[in-house]
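The structure appears below as structure tokens.
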Amino acid sequence: MHRLVELVSALESSPPGGGYVLAGEEEFLRSEAEQAVIRAVLGEAGRGAGLVVIDAIKEGGGQVPLAEVLDEVRTSSLFVPRKVVSVRRAGALVRAAADALAEFLAQGETPGVLLLHAETWDKRAAYARKLDEYAVDCSSLYETAFGETEISANSPLGRWVRERARSSGLRLSGEAVVRLIGLVGTNLAELAGAVERLALSRAGKRDVQPAEVDEVVAPSRSYSQFRVAELALEGRAADCFAAADACFEQGLEKKSGRVEHSEAAIAESLVWAISQELERLYIARGLLDEGRLDAKTAGALGVPPFRLEAFSRRVRAAEAGKLARALAATLDAARSLRGESEPRAAIETLVLRLGEIMGGIRRAPGAVSVGPGTRAARALSI
């Protein structure tokens, strides 16, 4: 599998072959890979008659036949020497026709360059192994380094941010990288935009520190109820208050795609997520006590291998008595929401109680400050 930077570098010195599979859920990386191929084939002006876009999923849910796609790639254009055929939502097509696609791509240069957008990609699957030589890695970039739980400048995402800044003439300190991700989140398009704003505002100055990030980049990170639950059960009250506040201000996206803005409904979602995380820790604690907490059993609980070490540390710190008290506090919060408690107040109270139960209220380096005068700020100052 090719890294995106390797593909871009190769295209600067040699024309593309018969095509590539843009493999992964990160749309920003797939778009950048596509733009690099378009520039290499059609020049900086690009697009126009030289770009053909095909949706692999037809109206009604049917799939475009592979023969139809390959016929388009094999057909010369009257307007440009060579064209680009971009097939969107091609994951199912790639999985179903991996052998035929591998055979086609192995033929080398054709009248069109085939780009297959595969939004989901399992590197261990047979289809992925067959197409590995033609695949470009466009998977999401983790904000934590292997085995860690905090945002890191040495994580895949941290390295991407640094490289993006370097290409814009900036040199971000490790702390500045962490601060940028903390403010903006993991969305690559938003991070790229933030780096561009930094480059414009820091014209003539290469080195960027966290304070300068704060001056230019407004907080826009979107938090989920699961991140709030994780922070609450780590005892990171200040970070948790900021994350919960963002949920109340921005709303929570539902499975339907609609955003929930009701504070009562958001508070219920936060309490539910905390209870689910408590249940996972409780089960894992039992597995640990039995000597059966490993990659397989943790995976069944939804813990990916790269987070196993950090998750195991959290489980070891989660004594059964702590978990029981935390669950009781969560149930109290759920009851208070069914009564007359104000939603934000109920969540603030729960976060403080969980911070005390799960090891003492603490604050991570670079944590977002709690606003002065708020109930949470007064509690933290006690």
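Brief remarks on what is shown
- The range 127-145 - residue that is among the hydrophobic types (A, V, I, L, M, F, W, C) and over 18 Å from Gly182 (Cα atoms) and, of those, nearest to the chain's Cα centre (by Cα): Cys138
- Residue that is part of a helix (DSSP H, G or I), in contact (Cβ under 8 Å) with a residue 60 or more places away in the chain and of a type in the set (Gly, Ala, Ser), where the choices are Ala67, Ala40, Ala33: Ala33
- Selection status of Ala165, assigned to a helix (DSSP H, G or I), closer than 30 Å to Glu309 by Cα, outside the structural domain of Glu25 (by TED's automatic domain parsing) and out of contact with any Cys (no Cβ under 8 Å at 6 or more places or on another chain): no
- Evaluation of Thr120 against the conditions (1) in contact with a Gly (Cβ under 6 Å, 6 or more places away or on another chain); (2) in contact (Cβ under 8 Å) with a residue 40 or more places away in the chain; (3) crowded, with 18+ Cβ neighbours inside 10 Å shows that the sole unmet condition is (3).
- If you go through the range 247-283 and keep only what is more than 29 Å from Ala300 (Cα to Cα) and either in contact with a Ser or Thr (Cβ under 7 Å, 6 or more places away or on another chain) or not assigned by TED's automatic domain parsing to the domain that holds Arg325 (or both), you end up with just Gln250.
- Check on Ser312, more than 19 Å from the chain's Cα centre (by Cα) and free of Cβ contacts under 8 Å to residues at least 12 places away in the same chain: no
- Cβ-Cβ contacts under 9 Å between residues 6 or more apart (or on different chains), taken from a first residue in the range 204-228 that is over 30 Å from Ala267 (Cα atoms) to a second residue that is of a type in the set (Lys, Arg) and modelled with pLDDT of 80 or more, are listed as Arg206/Arg171; Asp207/Arg171; Val208/Arg171; Gln209/Arg179; Pro210/Arg179; Ala211/Arg179; Val213/Arg179; Val216/Arg197.
The values are calculated or read from the model by the stated rules, or taken from the named source; none is laboratory data. Here the structure is a predicted model, which is why all the values come from computation and not from measurement. With ideal geometry, Cβ positions are generated from the backbone for all residues, glycine too; neighbour counts draw on all protein chains shown.
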